[in-house]
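Worksheet for the structure shown next.
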Amino acid sequence: MKRLACATILAAAGFFWSRPASSGVIIDGFDVAHQVNSTPGPTTSSAPEGLGGERDLRVFAPPVTPAFTADTNLTAPSVFAYSEPTVLNAIVELEYDGIDGSAFLDATGLGGIDLTADGADRFVLDVIAADFAGFMTIFVYSDASNSSAAQIPFGAGIVSSTLFEFPFATFAPNLGAGADFTNVGAMEFVIGSVPNSLLEFRLDSIRTTPEPASGLLLVGGIAALARARSRRRS
Ligand SMILES: [Ca+2]
Ligand SMILES: [Ca+2]
């Protein structure tokens, strides 16, 4: 019993020892209220909680009355949300390109951020609601001539926090030679539904992260158990 308790404590300690010094960056936590309509069009908002200090938001949808909207921190606290009231086949875009005051892309606006500086190797999007299936696409730009993209579909029926991981290694060149993830000037996150659906979508955060914590827990726990076992033998 004592040995088991010791091994458990060491396993827990192993987890913390093996955790990286940093755990990525928050690209957006959606803490500031911001809304965009399909008409009159795109908006840009100060976003002190977002990477680069500003979020540019665009929706691509036919004009309807009342207007189709997407928002942050309005439908739900610290959440990005939109809901298609009729079949719109809407596309919604979140853009991080520094403080340019425009929903048009400034492909070098972030000034060459190194997304891997703290050991991060993937984006994680925390989707908390999606009643219809759809897709998420991420575009990463080093400049206007070089970008990479990755797309992940999501299924219908998401009702609680579901993490979608986009490892940097899975991105394919979209323009030129592709993006250099150690020299990033802008990022776009695009969300859309499958055709002819009425998607209600909610996103809790966008961030970067190193290897998944579950893998580190396993490695740390095994190492600690091995140490406990060798102590028992000695
Ligand atoms: Ca901007
Ligand atoms: Ca912009």
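Just to verify a number: FRET efficiency for T116 and A67, C-beta to C-beta distance, R0 = 41 Å, to 0.05? Please list the in-between numbers first.
Numbers: r = 40 Å, r/R0 = 0.97.
Step by step, r from the Cβ atoms, then E = 0.55.
A crude spin-label estimate for the pair A177 and T162, with each label 7 Å from Cα along the Cβ direction, gives 3.8 nm. The value of relative contact order for the range 22-210, using C-alpha pairs under 8 Å at least six residues apart, is 29 percent. Computed from the Cβ-Cβ distance with R0 of 22 Å, the FRET efficiency linking F104 to Q35 stands at 0.70.
Taking Cα centre as origin and charging only the Cβ of basic (Lys, Arg, +1) and acidic (Asp, Glu, -1) residues, the dipole magnitude of the range 78-141 rounds to 140 debye.
So for each of 186-195, 50-59 I average, over its residues, the number of other beta carbons within 10 Å; can you give me the resulting order with the highest mean first? Write down the numbers at each step before the final one.
Details: 186-195: 20.2, 50-59: 22.1.
Packing order, densest peptide first, comes out as 50-59, 186-195.
Summarising the label geometry, the points placed 7 Å from Cα in the beta-carbon direction at I26 and S78 lie 0.6 nm from one another. Size descriptor for the range 22-210, Kirkwood hydrodynamic radius: 16.4 Å (Cα pairs only, one decimal).
Dipole size of the range 22-210 about its Cα centre, with +1 on Lys/Arg Cβ and -1 on Asp/Glu Cβ: approximately 380 debye, rounded to the nearest 20.
Distance from a point 7 Å along Cα→Cβ of F135 to each backbone N in the range 143-176: keep the residues under 12 Å and list them by number. Flagged as within label range: 150-154.
Coordinate-derived values only; no laboratory data. Not measured: the values here are computed from a predicted model. Positions of Cβ are backbone-derived with ideal geometry, glycine not excepted, and every protein chain shown enters the neighbour counts.
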